[in-house]
Structure formats: structure tokens, C-alpha cells
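Colleague: Input: one structure, supplied below.
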Amino acid sequence: MQTAASGPWYREPWPWFLIALPLIAVLASVYTIYLASRTPDSLVTDHYYKKGLAVGGDIQRERHAQALHLSGQISIAAGRIDLKLNQQIAPNTLHLMLRHPLSKQKDVQIDLHRGASGTYSAFSPPLEPVRYRVHVETANWRLAGVWIPGTTLTLEPGV
């Protein structure tokens, strides 16, 4: 009995399949290295000591806000951010920071100015519908919370 002779190896599908598997793994690892080297890790800092000292200052400001029994409500409507504090002990301008959960470049810093009604407000840039870490602060105290635009958030010290 005679069998038909098979053609050259490169005309068979199985050698190409066996070559493709390791080749795909190599290409994927090269692409992963490219992605990792393209953007620095934003969680790593060269100034860890200074950042550690700043955390101590933040804790003191949060404790001061607790001692004052200070809280507030923040909301956004029609491109405007409004903040109402439970006490009128603050200066005419407050500093608001909206920290994006994924990218430091998308963080928003706004100065809120007190109006005649005692409510602090400012125009809002377009915000993504993500959970922002919110800080409202002065040199003496700080309030914080987690906020999704379109909702009302109660800011409290030590959150």
C-alpha cells in the first residue's frame, strides 16, 4: 500500500499554529513593557518624607474641624458647584479639591467664593461621572468625602 507524500512542512497548518503561540506571547510582553515604560507610576513619589509630614498636618486640620462641629453639603447643578456649611465661621474663599480616582491629571482645584446668602459657589468644569475624593479646606480646618457628580454630598471632618 502506498501513501501520498505530504508536501513541505510550511504547507501544513500545525507547525504554524505551534510557532504562533510563543510568537504571540513575545509580542504581548513587548507591548506590555512599552505600556509600562510609557507612563510613570503616579503612586510612587520621590518626596515621601514631605508627604508624610503633610498627612500629619491634614489630621490636625480634620481634628480642628471636628472640634468646631463643622460639616457641609456640596452639590452641582447647571455647571455650578454650591457648598453650604452648617456654621458661618469660614473666610470668604474656600479651596475645593476634587481628586480623580484614576488620574492625577484629571484632578480639579477650584476656589469657592461666599455669596450674600452664605453659600459658597463657583462655576464647575465638565466632570466625569466617577467617584471623586473631595476636600474643602482652609489653613485651619479640612472637610472631606467621596462624591459622584449629580448627587449631594455631606462633607465631614476625618472622612
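Colleague: Can you pull the accessible area of Y34 for me, 1.4 Å probe, Å² to the nearest 10?
Modeller: 110
Colleague: Any chance you could check the Cα centroid distance between the stretch 112-135 and the stretch 72-100 for me, in angstrom?
Modeller: Each part reduced to its Cα centre gives a spacing of 5 Å.
Colleague: So for the pair T39, H100, with labels modelled 7 Å out along Cα→Cβ, what separation do we get in nm?
Modeller: Going from the T39 label point to the H100 one covers 0.9 nm.
Colleague: Further, regarding this structure: Obtain the nm distance between the two label points defined at L27 and T152 by a simple spin-label model: each point lies 7 Å from its Cα along the Cα-to-C-beta direction.
Modeller: 5.5
Colleague: Follow-up. Using the Kirkwood radius built from alpha carbon pairs, what does the Stokes-Einstein equation give as D for the stretch 68-159 at 37 °C and 0.692 mPa s, in µm² per second? Kindly include the intermediate steps, with their values, before the conclusion.
Modeller: On the way: Rh = 13.2 Å.
Answer from the Stokes-Einstein relation: 250 µm²/s.
The values are calculated or read from the model by the stated rules, or taken from the named source; none is laboratory data. Every value quoted in this text rests on a predicted model; they were computed, and no experiment measured them. Backbone-built Cβ (ideal geometry, glycine too); neighbour counts: all protein chains shown. Surface areas here come from the heavy atoms of the whole protein model, side chains and all, with no ligands, DNA or RNA. Shrake-Rupley method; radii C 1.70, N 1.55, O 1.52, S 1.80 Å.
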